[in-house]
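The values are calculated or read from the model by the stated rules, or taken from the named source; none is laboratory data. Nothing here was measured: the structure is a model prediction, and the numbers come from that model. Virtual Cβ from ideal backbone geometry, glycine too; neighbours counted across all protein chains shown. For accessibility, only protein heavy atoms count, side chains too; no ligands or nucleic acids. Shrake-Rupley method; radii C 1.70, N 1.55, O 1.52, S 1.80 Å.
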Amino acid sequence: MAVSTSFAGAKLESLLLNTASASASASASASGRVIKRAIIPQRGLAFNGFKCEASSDIVANVASASSLSALQQLKTSATDRYTKERSSIVVIGLSIHTAPVEMREKLAIPEAEWPTAIGDLCGLNHIEEAAVLSTCNRMEIYVVALSQHRGVKEVTEWMSKKSGIPTSEICKHRFLLYNNDATQHLFEVSAGLDSLVLGEGQILAQVKQVVKVGQGVVGFGRNISGLFKHAITVGKRVRTETNIAAGAVSVSSAAVELALMKLPESSHATARMLVIGAGKMGKLVIKHLVAKGCTKMVVVNRTEDRVAAIREEMKDVEIVYRPLTEVINCTAEADVVFTSTASKTPLFLKEHVIDLPAVGQSVGSKRLFIDISVPRNVGACVNDLETSRVYNVDDLKEVVAANKEDRLRKAMEALAIITEESKQFEAWRDSLETVPTIKKLRAYAERIRAAELEKCLSKMGDDISKKTRRAVDDLSRGIVNKLLHGPMQHLRCDGSDSRTLSETLENMHALNRMFSLETEISVLEQKIRAKVEQNQK
């Protein structure tokens, strides 16, 4: 596989230098989008930069089957090569680094719809497992693909159909990562290295939620589940060993900081605050407002239960609840409005705001809308009004530009941990290659043991005691287990010893040959056929 060695560095640099101009950010995003092509360095024929591998088996087949056309021979060799591929972990994603919020909000998938999305994705011909990570800063789909090219094509078309965004537009802003690179990316995400706010903790909670939602969902399989669980471990370890989260801000706290930056300092204690939405993000906004000295605020939510719980937790603060039906009236009485709801349509457009009474000069004569929702709760058209100013998640970069040197040092420490953990995960995944052989070898040995035990017991007659039967049975199991111990040890490659993957696979193939454990068609070919048959029903 052709791997861009500059990807991690470029992405980290983009993260740390997020005070650059919009045009510079756009060019950095473009350079950060990496599409990797698998290149197998074998001898073969080159056509326009693409390599068509030729093996002695194919040459022999062509010589012996002259009745078949050259095209048919090429199809046959390509199919044989394709069905012997190993499944790939692929991430198809768009993030705050590569795509504007206008696109991300159309692609966003609410948490309640993740199981359905996993089912839809696994219904595609070349997708075996799937997971969705959709937050305010990113929309990433992780899959185990039976074919990289076909899998990416199917997922991209699915994203286009679901969002209404043309495939060509998605391709301009997406990034594609395969196998080791996909693993490392998710680990960086979980550690907070890919976040707008370096080291923020909310993304780790969101990764945990992917696992929680995926439990029991058909399609959230062993590889993807193992990947996300390992990502949680990495996120915890990075925060513990590097202290990267110390002093870090979340999206919610950055929103509060941005509001205070835009307000005249003299109005910080008197500005009227309105928080719309009392979910996780809204609750964090409230907490950070309180930490900044705010003692009174209005919270608008569909129901009062969550607001009452927050009020109980913060008894020294006056929190006034208002139902969502009163949102316009509450906005009319507010100087700063924070929005963080899951609404799929904007709560505020120009027509909702144009007739609101103006705010006082003491707060800058402009009502501030700090919108940290994706999809956005406040339409960009509200910015056309002289009395209002709208900020969304893409505007938070201004807040997180400080302490670059310290953040860079911590990020470098975190990357070393992530590299180590990536190798451990890949070793675990590589070890899964030998699982079918381990199972078949155990089953083969068990069949022989059971047959020989039956012969032995029949020769001993019917009058032997249960104790004797049990002793003979235990003896046979003990012999088989001891005989299998050596071969089983040489089929394991989980990073716990110095044995390489190539050695383990050589042992696997040798055991397959010695005990005739090979199947007639590859596992991947069986999976592909099953997929096609399922979709034809």
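Taking the highest mean first, how do the peptides 300-307, 93-100, 198-205 order by number of other beta carbon atoms within 10 angstrom per residue?
Working: 300-307: 17.4, 93-100: 22.6, 198-205: 21.0.
The peptides rank, most packed first, as 93-100, 198-205, 300-307.
Return the carbon/sulfur percentage of the accessible area of segment 218-354, one whole number, probe 1.4 Å, all protein chains in place. Provide the component values of the computation, followed by the final result.
On the way: 3370 of 6590 Å².
The nonpolar share, carbon plus sulfur, comes to 51 percent.
Sort 118-128, 257-267 by the packing proxy (mean of other Cβ within 10 Å over each peptide's residues), most packed first.
Values: 118-128: 19.8, 257-267: 16.2.
The most tightly packed comes first, giving 118-128, 257-267.
Taking 0.36 nm per residue of sequence separation and subtracting the Cα-Cα distance, how much length would be gained by fully extending the chain between Lys236 and Ser458, in nm to one decimal?
On the way: separation 222, 0.36 × 222 = 79.92 nm, distance 5.86 nm.
Extending this stretch completely gives an extra 74.1 nm.
I'd like the Kirkwood hydrodynamic radius of segment 172-214, using the inverse of the mean 1/r over distinct C-alpha pairs, in Å. Don't skip to the answer; put the middle values down first.
Details: mean 1/r = 0.0890 Å⁻¹.
In segment 172-214 this quantity evaluates to 11.2 Å.
Taking R0 as 51 Å, what's the FRET efficiency between Gln489 and Ala112 from their Cβ-Cβ distance, rounded to 0.05?
0.65
Per-residue counts of other Cβ atoms within 10 Å, averaged by peptide: what ranking do you get for 414-425, 454-465, highest first?
414-425, 454-465
At a Förster radius of 35 Å, what calculated FRET efficiency corresponds to the Cβ-Cβ distance of Lys466 and Phe515, to the nearest 0.05? Could the numbers behind the result be given before it?
Working: r = 33 Å, r/R0 = 0.94.
It comes to 0.60.
Obtain the nm distance between the two label points defined at Thr419 and Lys161 by a simple spin-label model: each point lies 7 Å from its Cα along the Cα-to-C-beta direction.
Inter-label distance under the simple model: 4.2 nm.
If R₀ is 35 angstrom, what is the calculated FRET efficiency for the pair Cys381 and Cys171, using the beta carbon separation as r and rounding to 0.05?
According to the calculation, E is roughly 0.80.
Could you grab the relative contact order for segment 292-447? Cα pairs under 8 Å, six or more apart, rounded to a whole percent.
That works out to 15 percent.
Within segment 273-297, name every residue whose backbone N is under 19 Å away from a label modeled 7 Å from Cα of Ala308 along the Cβ vector.
277-280, 283
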